[in-house]
Structures are given as structure tokens and as C-alpha cells.
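Note sheet for the following structure.
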Amino acid sequence: MKMITVAGPPSSGKTSVILRLAGSIKLKIGVVKFDCLTSFDKARYDDAGIPVQVGLSGKFCPDHFFVNNVEGGVSWGLRQDLDVLITESAGLCNRCSPHITGITSVCVVDSLSGVHTPRKIGPMLKFADIVVVTKGDIVSQAEREVFAWSVKQANGSAQILSVNGITGQGAFMLGKKVLEARDITSIEDTRLRFTTPAAACAYCTGETRIGEAYQMGMMRKMEFDG
Amino acid sequence: MIDFDVIIGARTLESVFAEYPVARDFFLNLNLPPLDEKKPLAEALFDATDDWLLEFGLTRAEIPELFAEFLRTMTATQAARRVGSLTILGGRDKDGAPENIELRVEAGTVISIVGPTGSGKSRLLADIECLAQGDTPTGRRILIDDASIDEEERFRLEGKIVAQLSQNMNFVMDLTVAEFLEMHARSRAVGAAESGDASELINLCFECANSLAGEKFTLDTKVTQLSGGQSRALMIADCAYMSRSAIVLIDEIENAGVDRREAIALLAQSEKIVLISTHDPLLALGADKRVVIKNGGIFKILETSPEEKRSLGEIEKIDRLLYNARRTLREGGRIDNVGDI
Ligand SMILES: Nc1ncnc2c1ncn2[C@@H]1O[C@H](COP(=O)(O)OP(=O)(O)OP(=O)(O)O)[C@@H](O)[C@H]1O
Ligand SMILES: Nc1nc2c(ncn2[C@@H]2O[C@H](COP(=O)(O)OP(=O)(O)O)[C@@H](O)[C@H]2O)c(=O)[nH]1
Ligand SMILES: [Mg+2]
Ligand SMILES: [Mg+2]
Ligand SMILES: [Zn+2]
Ligand SMILES: [Zn+2]
């Protein structure tokens, strides 16, 4: 089974791209969707006949939740006899990234999101093998070019692919890269490409009250001028 | 090939920045506090705190390497690929019947694509955009300079040799026309010399866009506030002067309030290969050749004949009449007699 991690900001077009990808390669694809509180993607995958599992991270950072559950996802994929297992996660904190060494990683960014966005997204884009740019159909050629340049700045070694999440244009090029992905039977002992935060604070463990008295663990204080 | 490792090791940051303006972005992207630019990078880095380095998971030794890699990527990205010709090798139509066609298009040529709606005009443009190698629903193959393109080359060229313009495209950046053009110029500049030429290029682009647009706009207009016609005019001028792409695909830009013929002439004159899918007779006949699509396949390729060029003159008159009628109405006039407008 091949495995691909797909990450990207909310509404950047991840589900659309995965659906178009599934339509362009003749392989059995299954998806594990990691989300925060709710997910509307299950119905879309169901409609397309793609087996899907949804994991809601609730009070955990979705990326940490991801690391804790991804092995379970791999076993599920193997039991389902998938050719390709895809994980979809929205990197909500922008600090973390679900990309794993040796596993083909995709970051989906949307050209409407502003030309500097690729430089702000962080590890999720910086450590991706492939950066898929969506919604190029509605912005000018010049903005597409500047956007690609901005992606290059943040990640010079990634393959940049333009995919239209609605028409599927460009999805088959992504399919070619997916077919090149390594076959795996387990991801035990592989590593994340980027560290998760070194710190845990009181609020990480459920504290809601505000005030010095309630703050524990590792924390960092801002310095305010004046 | 420029050896950036040597440059970075030997020269002060100041002099690297002067030659490669894009180099500054490397430090901005990493949110590095200002370094002493009078020193070479390795030396300047002694001022950065360990805390900062840790935050980004970086080591002092690693930064010059990453910086060199950044400069290599950013300068290599810009190298334009010249394209002398594009060839379309026929595939099959929607029923699987072979097209039996070979169309070679040279730089500076304009081809129009006509056919009923749903016939496959946009599909043909899509085949060119992805440099199809028999792997799209049409089975067509695209050659560049008479050679097929292997997989690696195709991925390398992705997004680099084909520019697109369509009716659905809008500007989304919150920038003025001047800032917008500067930004585009900056993104394509390799070294300082080119950045220097940018202001000339920007003016050229701006003036040309204004001559294509019905209503004039200024350099300090926000691009998002341009009218449909003005936006289209700016996109076309930008494509002609700023975009490095050698092939321009246009999907329906008619009725946009721009001087369409002049726009197409401008693109052709910039030695680009231009393909326009259109239902507009002016654009169809204004091209050197037109491809007729039927049921998903290339059905005919017609050279625009001298007779057709004459007919084009007649159609232009009608077009001008319509244009003037529109203007008269816009300005609050009456059209009591068509002969008067
Ligand atoms: N040779 C072909 N084989 C299979 N499918 C095809 C072929 N040519 C076109 N199609 C499909 O037919 C559909 C309609 O084609 P397309 O959108 O290109 O039409 P069009 O000529 O651009 O129409 P319009 O004038 O309305 O824009 C698309 O889904 C396209 O992929
Ligand atoms: N115009 C356009 N819309 C797109 C494209 N890709 C996705 N969308 C739309 O963007 C919205 C968010 O897409 P979705 O796939 O749900 O994003 P996700 O949250 O990242 O999974 C949907 O309404 C899509 O239809 C694209 O390439 N072009
Ligand atoms: Mg989704
Ligand atoms: Mg069309
Ligand atoms: Zn996180
Ligand atoms: Zn916390």
C-alpha cells in the first residue's frame, strides 16, 4: 500500500483535490480524515464511493492527535486492502505538520489566500514534497506566477503542481507523483519531518481560567513596549 | 553555474543583497533579526541568539548552506525556456475516431479555435497546458521544438511555459496597479541589473494596458477596483511584457471592453505562441489559422484567406458601429439614425 499525507489550511481545496485525484487514477483509494470539532467531508467521500474514517481531535492539537492515530490509520488501510491510503488534515495551528520522513507529503494551498501565505504557512508547506496550488482558475496569470514564486521561497525543493479542485485539471499530474510513492506495510519507527511543540502548558491540559495563578508548565511571555 | 557557497563565504551580506535583491527574502522568511550587513553571513550570525536558532530548528552551520540553496533555487526558477514551435499530434474525438492531424505552430503565430459549445475547445487548451503525452482523454500529444517531452521535463516545466487568460480570472491582491506590476517584476527578476530595468517594463505595461482599455485608469488605482475590461487589458499587457511563458492560452475574452485585435497583435508581436478559443468572428478571423473542433476532435484547420481578411474589414466596421452605439447610449445619447453614429 502507498501512503500520502495531505495537509493544508481549511478550505484550501484538500478534499476537492483528493476526490479529483481518485477520479484520475485507477487504484483503490481510502482516506483518513483528521479534523478538529466537526467534519463535513465524510459525505463527499461516501458519495464518491471512497472508504473513509474520520477522527476528531477535540481538545488536542489536530496534528498531535494525528501522530497518535496515524498508525491505526495505516492498519485500517491494510485491512481494507487499499492501494493508496491518504490522510487529510487541516493544519490548524500552523506550527505543526503531519509530514513523515519517507512518506510522500502534499501541501494544498489556495491561490486566493494571498501571495505571502506560502511564506507564512510553516512546516506543513516547508517540508512537503509536493505543493498543490488550487483555485488558479479564478486569479490572474500574474498572481499565479507570483504565488508560485512565493511557494519556491518557502520550499525550494518541492514540486509545485497547479490543480483545479472543481474540474480536476492537473490532477492526473499529481496522480503520476502518487504512483511513484513508496510501498509501505507499517510506519512504525518512522519520524515526523518537524518537531511538535516542545512545550505543554496548563491550557493544553484543559485549564480555562485566565490568570497567573492558573498558569503552569512551559510558557512564554510577550514583552510589550511602553 | 554560479557558486553561491563561495559568494556567501567570501562576500559581505551587503554586497550579496546588492547583487541579488531576492536574497533579503531569505532572512525575512526566517524572521531573523537584522544582521550586521557589513560582515559575511557566517560572521554576522554570531550576533544571532541560540534561542532564535532553536525556535526554527536551525544550526549556525546550516544557515549559510540553506541560504546558498535558496539563492540557487530562486535564480534557477527564473530562467526562461524559449519555445520556437509547438506541435499538436492528433488523438481521437469523443467517439474514439482518430484525428489524423499534425499542427505545427511557430513563435509569433496566433491560432484561433472555434466550434459549437461543448465541442472540446477548452479541452484542446487543457491538453496544451499540461503538455499532454497521450495521457489525457483525447490521446493527443504535444511537442515542443519538435521533440516530445519526457516525464521529468514535464514536471520541471509545469507552470513555466504556458500562461493562461480567461473570462473567470480576477485580481485578488490588495495592491495598486503600480505595486502590482512591481511585485510581478520583482518575482521574475534574477539579479540587480534586471531589477533596474523593471521601472521601464512597468511603464510599458501600464501604457499598453491603458491603450487597450476603453476607459483609462491610473497607476494608483487598486487592481481589485478595475472594471472587467480594464482588468482584462492589464492582464493581457502583463502577459505580453512580464510573463516569461512562451505560450499563451486564451479562453473566451470577447465582450470584455478591450481592443481585442490590438491585444492579440501585441501578444503575437512579443514572439509568443497564442491560442484563442473563441466564438467571436473578429478574433477567429484575426488569427493566422483557425482550428475547427467538432465532437471533441480537430475537424479542420483553415488558413485565413485574403478574402477572409477582406471580410474581416467588413466585420470590423459592424463591430465599430456596435461599439459606437454602446458608447452613445452610455453617454446618455439617442440613436435615432444608425447612420449618424
Ligand atoms: N476528444 C475528447 N475525448 C473525450 N472527451 C472530450 C474530448 N474532447 C472534449 N471532451 C470533453 O467534452 C466536454 C466539453 O468540452 P469543452 O469544455 O472543451 O467544450 P468547449 O468547446 O470549450 O465549450 P464552450 O464553448 O461551451 O466553452 C469536456 O468535459 C471535455 O473534457
Ligand atoms: N474555483 C475553484 N474552487 C475550488 C477549487 N478547489 C476547491 N474549490 C472550492 O473551495 C472550497 C473548499 O474546498 P474543500 O475541498 O472543501 O477544501 P478543504 O477544506 O481543504 O478540504 C469548495 O467550495 C471547493 O469547491 C479550484 O481549483 N477552483
Ligand atoms: Mg476537506
Ligand atoms: Mg470552453
Ligand atoms: Zn499544533
Ligand atoms: Zn498549551
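The values are calculated or read from the model by the stated rules, or taken from the named source; none is laboratory data. Predicted model only: the values in this text are computed from it and were never measured. Virtual Cβ from ideal backbone geometry, glycine too; neighbours counted across all protein chains shown. When the accessible area is computed, the model is the full protein with side chains, heavy atoms only, and any ligands, DNA or RNA have been set aside. Shrake-Rupley method; radii C 1.70, N 1.55, O 1.52, S 1.80 Å.
Scaled to the compact-protein estimate 2.2 N^0.38 Å, what is the alpha-carbon radius of gyration of the protein assembly as shown, rounded to two decimal places?
That works out to 1.08 for the protein assembly as shown.
For the interface of A with B, what's the total buried accessible surface in square angstrom, probe 1.4 angstrom, rounded to the nearest hundred?
3100 Å²
Using a 1.4 Å probe, how large is the accessible area of B:Arg141, given in Å² and rounded to the nearest 10?
Approximately 90 Å² for this residue.
Leaving out ligands and nucleic acids, and using a 1.4 Å probe, what accessible area per residue does the range B:4-78 come to in Å²?
Accessible area per residue, the range B:4-78: 51 Å².
For chain A, find the longest principal axis of its Cα atoms and tell me its angle to the long axis of helix A:14-24, 0 to 90°, nearest 10.
20 degrees
Among B:Thr49, B:Thr117, B:Thr176, A:Thr134, what's the order by accessible area (1.4 angstrom probe), most exposed first?
B:Thr117, B:Thr49, B:Thr176, A:Thr134
State the answer as a single residue: which of A:Val74, A:Ile86, A:Ser12 lies farthest towards the positive end of the charge dipole of the range A:1-99, with beta carbon charges of +1 for Lys and Arg and -1 for Asp and Glu, about the Cα centre.
In the range A:1-99, that residue is A:Ser12.
Give me the dipole magnitude in Debye, nearest 20, for the range B:85-304 about the Cα centre, with unit charges on the beta carbon: positive for Lys and Arg, negative for Asp and Glu.
580 debye
Excluding A:Lys42 itself, what net charge comes from residues whose Cβ is under 13 Å from its Cβ, given Lys and Arg +1 and Asp and Glu -1?
For residues surrounding A:Lys42, the net value is -3.
Going toward the positive end of the dipole of chain B, with +1 on Lys and Arg Cβ and -1 on Asp and Glu Cβ, which of B:Asn31, B:Leu321, B:Phe4 do you reach last?
Looking along the dipole axis, the top candidate is B:Leu321.
Suppose R0 equals 56 Å. What FRET efficiency, 1/(1 + (r/R0)^6) with r the Cβ-Cβ distance, do B:Lys38 and B:Arg330 give to the nearest 0.05?
Here the calculated transfer efficiency is 0.40.
Give the angle, between 0 and 90 degrees and rounded to the nearest 10, that separates the Cα long axis of helix A:141-154 from the longest principal axis of the Cα atoms of chain A.
Relative to chain A, helix A:141-154 is tipped by roughly 60 degrees.
Ordering B:Glu179, B:Glu271, B:Glu316, B:Glu200 by accessible area with a probe of 1.4 Å, largest first, what comes out?
Correct descending sequence by accessible area is B:Glu200, B:Glu271, B:Glu179, B:Glu316.
With unit charges on the beta carbons (Lys and Arg positive, Asp and Glu negative) and the dipole taken about the Cα centre of the range B:85-304, which residue among B:Ile149, B:Gly297, B:Gln269 sits farthest to the positive side?
Of the listed residues, the answer is B:Gly297.
Give the separation of the Cα centroids, the range B:34-52 to the range A:71-114, in Å.
36 Å
Roughly how much of A:Trp149 is accessible, in Å² to the nearest 10, using a 1.4 Å probe?
Result for A:Trp149: roughly 10 Å² accessible.
With a 1.4 Å probe and every protein chain kept in, tell me what percent of the accessible surface of the protein assembly as shown is carbon plus sulfur.
C and S atoms contribute 52 percent here.
Want the number for B:Glu179 to B:Asn31: 0.36 nm per residue separation, take away the alpha-carbon distance, what's left?
Full-extension gain reported as 51.0 nm.
For B:His279, A:His64, write out the residues from largest to smallest accessible area, computed with a 1.4 angstrom probe and no ligands counted.
B:His279, A:His64
At 15 Å minimum axial length over the Cα atoms and a Kyte-Doolittle cut of -1.0, report the qualifying DSSP H helices in chain B, or say none.
Length and hydropathy pass: B:62-78, B:177-188, B:192-212, B:228-241.
Can you tell me the convex hull volume per residue for chain A, based on C-alpha atoms, in Å³ to the nearest whole number?
With only Cα atoms used, chain A gives 143 Å³ per residue.
Once you put a point 7 Å from the Cα of A:Asp83 and another 7 Å from the Cα of B:Gln225, both along the Cβ direction, what distance in nm separates them?
Here the modelled spin labels are 5.4 nm apart.
Once you have the Cα-Cα distance between B:Arg24 and B:Thr59, take 0.36 nm times their residue separation minus that, and quote the gain in nm to one decimal.
10.7 nm
For A:Asp47, project a label point 7 Å along Cα to C-beta. Then give me every residue of the range A:1-19 with its amide nitrogen under 18 Å of that point.
It comes to A:11-19, nothing else.
For B:Glu14 and B:Ile318, calculate 0.36 nm times their separation in residues minus their Cα-Cα distance, and state this gained length in nm to one decimal.
Roughly 103.4 nm would be gained on extension.
Could you compute how much accessible surface B:Arg123 exposes when probed at 1.4 Å, giving the result in Å² to the nearest 10?
Rounded to the nearest 10, that gives 80 Å².
Given a 1.4 angstrom probe, what's the average accessible area per residue across chain A, in square angstrom?
47 Å²
Which whole-angstrom value gives the distance between the alpha carbon centres of the range B:220-250 and the range B:258-276?
Distance between centres, Cα-based: 12 Å.
What is the antiparallel percent of DSSP beta bridges lying wholly in chain B, to the nearest 5?
55 percent
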